[in-house]
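To start, the structure itself, in structure tokens.
The values are calculated or read from the model by the stated rules, or taken from the named source; none is laboratory data. This is a predicted model, so every value here is computed, not measured. Here the Cβ positions follow ideal geometry from the backbone for every residue, glycine too, while neighbour counts run over all protein chains shown. Areas reflect the complete protein model, heavy atoms only, side chains present, ligands, DNA and RNA absent. Shrake-Rupley method; radii C 1.70, N 1.55, O 1.52, S 1.80 Å.
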Amino acid sequence: MTDKILISLTVNGTAYDDVLVEARHTLVDVLRHGLGLTGTHVGCEHGVCGACTVLVDGAPARACLMFAVQAEGADIRTVESLSDGDAELSDLQRAFSEHHGLQCGFCTPGFLMLAEGFLAERPQATKEEIREVVSANLCRCTGYQTIVEAIDGCARQRRGEGRQ
Ligand code: FES
Ligand code: FES
């Protein structure tokens, strides 16, 4: 029989004090299968593609590389935290839509959380810095330019520099 471990963590503002995990479970396993938050996608499961990117204590992290037990006490944000769940998109999501920063959309939750964490840290980010940051994640559809434009547009709007 596999030993299970109880962990406590906060996900999208909700505290969970009794999440039962196995030592082998990753954070993305718990988010998707334990908590039903399937917005976080799983691509390579090897830390390469970034589809599983979430915020851990505000910093982007690959949820497929982190064991669930390592999230003990952490504050996790997934893509579900960006909108209010009532069809109202966040400014960053709207920017992706308006700049055509997605095609199939498989990579999009990861890019959104990567960008959300990055812009919180670097609100004055230049386009070059944004381009460097998005190179951490893989997108096989867009060619990246529209993703860069979307993030830059959102950053400019947050800085009060006009429309997205
Ligand atoms: S699924 Fe986590 S990096 Fe690819
Ligand atoms: S939009 Fe298809 S992989 Fe990025």
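Over the chain, what is the relative contact order in percent, taking alpha-carbon pairs closer than 8 angstrom and at least six residues apart? Before the final figure, lay out the partial values.
On the way: 295 pairs, mean separation 35.8, N = 164.
Computed value for the chain: 22 percent relative contact order.
Taking the Cα centre of the range 8-89 as the origin, how large is its charge dipole in debye, to the nearest 20, when only Lys and Arg (+1) and Asp and Glu (-1) carry charge on their Cβ atoms?
Working: 4 positive and 12 negative charges, 73 e Å.
Around 360 debye, computed over the range 8-89.
So what is the relative contact order of the range 91-158, in percent, for Cα pairs below 8 Å that sit 6 or more residues apart? Working shown, then result.
Details: 66 pairs, mean separation 36.3, N = 68.
Relative contact order of the range 91-158: 53 percent.
Which value, in Å² and to the nearest 10, is the accessible area of residue 122 when all protein chains are kept and the probe is 1.4 Å?
90 Å²
Please give the net charge around residue 126, taking every other residue with its beta carbon less than 15 angstrom from that of residue 126, where Lys and Arg add +1 and Asp and Glu add -1. Numbers along the way, then the final one.
Numbers: positive: 122, 127, 131, 156, 158, 159; negative: 121, 128, 129, 132, 149, 152, 161.
Its environment carries a net charge of -1.
Given a 1.4 Å probe and every protein chain left where it sits, what share in percent of the accessible area of the chain is carbon and sulfur?
Working: 4210 of 8460 Å².
About 50 percent, which is the carbon plus sulfur part of the accessible surface.
Lys/Arg Cβ at +1, Asp/Glu Cβ at -1, dipole of the chain taken about the Cα centre: which of 44, 90, 146 is farthest positive-ward?
146
Using Cα atoms only, what is the angle between the long axis of helix 108-121 and the major principal axis of the chain, expressed in degrees (0 to 90) to the nearest 10?
Taking the Cα atoms of the chain, the angle to 108-121 is about 80 degrees.
Enumerate the calculated ³J(HN,Hα) couplings along the range 34-51 in order (Karplus 6.51 cos²θ - 1.76 cosθ + 1.60, θ = phi - 60°), each rounded to whole Hz, writing x wherever the residue is Gly or Pro.
In residue order, the calculated couplings are x, 9, x, 8, 7, x, 7, 8, 10, x, 7, 6, 10, x, 9, 8, x, 4 Hz.
Once you keep just the Cα pairs under 8 angstrom separated by 6 or more residues, what percentage relative contact order results for the range 4-81? Numbers along the way, then the final one.
Numbers: 156 pairs, mean separation 29.2, N = 78.
Normalised by residue count, the contact order of the range 4-81 is 37 percent.
With the Cα gyration tensor of the range 91-158 giving a ≥ b ≥ c as the square roots of its eigenvalues, does the rule (a/c under 1.5 for rounded; else a/b larger than b/c for prolate; else oblate) give rounded, prolate or oblate? Numbers along the way, then the final one.
Values: a/c = 1.62, a/b = 1.35, b/c = 1.20.
Prolate.
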